[in-house]
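Student: Provided herewith is a single structure, encoded as structure tokens, for subsequent inquiry.
The values are calculated or read from the model by the stated rules, or taken from the named source; none is laboratory data. Not measured: the values here are computed from a predicted model. We place every Cβ from the backbone using ideal geometry, glycine too, and count neighbours over all the protein chains shown. Heads up: the accessible areas ignore ligands, DNA and RNA and are worked out on the full protein's heavy atoms, side chains in. Shrake-Rupley method; radii C 1.70, N 1.55, O 1.52, S 1.80 Å.
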Amino acid sequence: MFRGDRLIAVYGIRRIGKTSLVKAFLSDLSQPYVLIDVRQIYFVEGNVNVGSLVRHVLDGFREFMGRNERFWEGFRDALRSIDWVRVGAGGVEVRLSRRSRMNLMELLNVIDGWCGRNSTRFILVFDEAQYMRFSNVRYDGVLAWAYDNLSNVTFIVTGSEVGALRDFLRIDDPEAPLYGRYIKEVYVDRFSKDASLDFLRRGFTELGVEVSEGELEEVYERLDGIVGWLTLYGYLRGIDKLGHREALDKVFNDGVKLVLSELDAVIKPSRARYLAILNAVAHGLNTWSEIRRYVEVRTGEVSDAVFNRLMKNLIRYGYLSKVNNTYVIPDPVVTRAVMEVHIG
């Protein structure tokens, strides 16, 4: 299935939709895989150090092996070749020696060799991979090395901040490690109306839940075909058994909290101006000059250079889109979130 694909980049308009689709895709695979939430590592530790990634790879592999015992015995022997990994005598226990320096490239090399001997492929997913730039390790260089040397490992890097992930990968930069290598790029964008309704119908049919066409139409209109929010609505109706109105309200309430937590990490250096820009667009001001005037009224004078940089950053992180020289917020939940925040 991954023949020829060494590195896959998945971009999604919202984190929740992209991640849920990737998880659903992985769950159908027979190959061993590990999914690492890089954003969580960064928020907990303040950086993405190689030791944390090594531990997550080993923990994830251990969990996978616990579900697939036939893979474990040979892999346990392979791990013994690494002097800083200790394998428990029983079960699938793996412990790291504190006396040794953990090396991600050495671990990946051992995994690659084990996969080759077992005619399988290892899938390593870095979810919200753009946070890997917050490290003293050049992870784009590690990916380039793995691309060139590991024929049995596929990397999937995902990011809801499309521009930030592309900035991390720098695939168009001749001076960057990954330049010239083929990367399969997948964009998880909003669904059309027909695709949204079909997506919801199929999901509810599988769950044995009856939902009226009128309710599905309203879900599409309110959530604008964004797969993450459609998925969350479907979960709330089909699994949590909430009613239509309650589920739709919860999507917005929970979504606003998620958006604000993500947004805070992006806008912190110029919070008032970023929020003023988003607030202007949320209220229907959509040209460069209209938004600029609104921002200066709310936050004071701002130079062209600074204003353009702020606008480009919001586009890069997926909070704004430029369509025919006008600006829109592509996500209705983001619109709701910024209208609830005090600018100051």
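Student: First measure r as the distance between the Cβ atoms of Asp77 and Val137, then evaluate 1/(1 + (r/R0)^6) with R0 = 30 Å and state the FRET efficiency to the nearest 0.05.
Tutor: After rounding to 0.05, the efficiency reads 0.55.
Student: Using only the heavy atoms of the protein chains and a 1.4 Å probe, how would His283, His342 rank by accessible area, largest first? All intermediate terms of the calculation are to be shown ahead of the outcome.
Tutor: Numbers: His283 110, His342 145 Å².
Correct descending sequence by accessible area is His342, His283.
Student: Between Leu26 and Asn308, what is the spin-label point distance in nm, taking each point 7 Å from the Cα along the Cα→C-beta axis?
Tutor: 4.1
Student: Note down the nm distance, to one decimal, between modelled labels 7 Å out along Cα→Cβ at Asn47 and at Glu213.
Tutor: Going by the 7 Å Cα→Cβ label model, 5.9 nm.
Student: While we're here: Taking the solvent-accessible surface of protein heavy atoms with a 1.4 Å probe, what is the per residue accessible area of the stretch 292-344 in Å²?
Tutor: Details: 2820 Å² over 53 residues.
Accessible surface, normalised per residue, equals 53 Å².
Student: Which whole DSSP H helices in the chain pass both tests: a Cα extent of 30 Å or more along the axis and a mean Kyte-Doolittle value no lower than -0.5?
Tutor: On the way: long enough: 244-267 (33 Å, 0.22).
Length and hydropathy pass: 244-267.
Student: Order the following by accessible area, largest value first: Ile171, Ile277, Ile315. Probe radius 1.4 Å; ligands, DNA and RNA are ignored.
Tutor: Numbers: Ile171 30, Ile277 0, Ile315 65 Å².
Putting Ile171, Ile277, Ile315 in descending order of accessible area: Ile315, Ile171, Ile277.
Student: Efficiency by 1/(1 + (r/R0)^6): what FRET value for Arg181 and Glu340, r their Cβ-Cβ distance, R0 = 25 Å, to the nearest 0.05?
Tutor: 0.05
Student: Let me ask something else about it. Taking 2.2 N^0.38 Å as the expected size of a compact globular protein, what ratio does the Cα radius of gyration of the chain give against it, to two decimals?
Tutor: Numbers: Rg = 22.5 Å, N = 344, 2.2 N^0.38 = 20.2 Å.
Here the answer is 1.11, to two decimals.
Student: Count the DSSP beta bridges whose two residues both fall in the chain, then state the antiparallel fraction as a percent rounded to the nearest 5.
Tutor: Numbers: 6 of 26 bridges.
If I count the DSSP bridges inside the chain, around 25 percent turn out antiparallel.
Student: Provide the gained length on full extension for the span Val328 to Arg86, in nm with one decimal, where the gain is 0.36 nm per separating residue minus the Cα-Cα distance.
Tutor: Length gained, Val328 through Arg86: 81.8 nm.
Student: Please list, in chain and number order, the residues 5+ apart from Glu185 or on another chain whose amide H is under 5 Å from its amide H, with Hs placed from the backbone.
Tutor: Ala9
Student: Just grab the label-to-label distance for Asn118 and Lys241, each label 7 Å out from Cα along the Cβ direction, in nm (one decimal).
Tutor: 4.0
Student: On to the next question. With the full set of protein chains in place, find how many percent of the accessible area of the chain is carbon and sulfur; take the probe as 1.4 Å.
Tutor: 47
Student: On a full-extension model of 0.36 nm per residue, what is the gain between Leu104 and Arg170, subtracting their alpha-carbon distance, rounded to one decimal in nm?
Tutor: Taking Leu104 through Arg170 to full extension adds about 21.6 nm, to one decimal.
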